[in-house]
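Asker: I'd like to ask some things about the structure below.
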Amino acid sequence: MFLGGIRMSLKKTFSKDGKCNVTFTVSSEAAQGAKTVNIAGDFNSWSSTDTPMKKGKDGSFSVKLTLDVDKEYQFRYLLDGYKWENDWKADKYIPAPYSNADNSVVVTKKTK
């Protein structure tokens, strides 16, 4: 999806053991030349360093996480350790409790 020229995506697959594998991707355009991108959210206690994303040859960044099904997880991307970005392909957005911004949300509910 492109919104304002920035492409991001969430790809979900569901396993038989009740988990949802989510691949988070930040395109090279969205990374804006960043050297590092980390993802922080409910799934890693909002650590800005615990979940680094792997940089691809095309300049995009991605990481695959295994999350519980039927939950909602808030998250944001941290570029180069100082610039927070949302995922414009997120399932929804919720106002962040500590800033004047929204958090992205991924919903791991299996649709029929």
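Asker: How long is the gain from Asp17 to Val69 if the chain were fully straight, where each residue apart is worth 0.36 nm and the alpha carbon distance is subtracted?
Answerer: That pair, Asp17 and Val69, stretches by 17.7 nm at full extension.
Asker: Size of the dipole of the chain about the Cα centre, Lys and Arg at +1 and Asp and Glu at -1 on the beta carbon, nothing else charged, in debye to 20?
Answerer: Dipole of the chain, to the nearest 20 debye: 460 debye.
Asker: Taking the radius of gyration and the Kirkwood hydrodynamic radius from Cα positions alone, what is the Rg/Rh ratio for the chain, to two decimal places?
Answerer: On the Cα set of the chain, Rg over Rh gives 0.95.
Asker: Using Cβ counts within 10 Å as a stand-in for footprinting exposure, how do Val63, Val37 rank, fewest first? All intermediate terms of the calculation are to be shown ahead of the outcome.
Answerer: Details: Val63 17, Val37 26.
Taking fewest neighbouring Cβ atoms as first place, the list is Val63, Val37.
Asker: Hey, got a sec? Which chymotrypsin sites (Phe, Trp or Tyr not before Pro) in segment 51-112 land in a DSSP loop and have at most 15 other Cβ atoms within 10 Å?
Answerer: Working: sites: Phe61, Tyr73, Phe75, Tyr77, Tyr82, Trp84, Trp88, Tyr93, Tyr98; in loops: Tyr82, Trp88, Tyr98.
When the chymotrypsin sites (Phe, Trp or Tyr not before Pro) of segment 51-112 are filtered for loop state and at most 15 Cβ neighbours within 10 Å, Tyr82, Tyr98 remain.
Every number in this text was worked out from the coordinates using simple rules, so none of it is lab data. Keep in mind the model is a prediction, meaning the values are calculated, not measured. Positions of Cβ are backbone-derived with ideal geometry, glycine not excepted, and every protein chain shown enters the neighbour counts.
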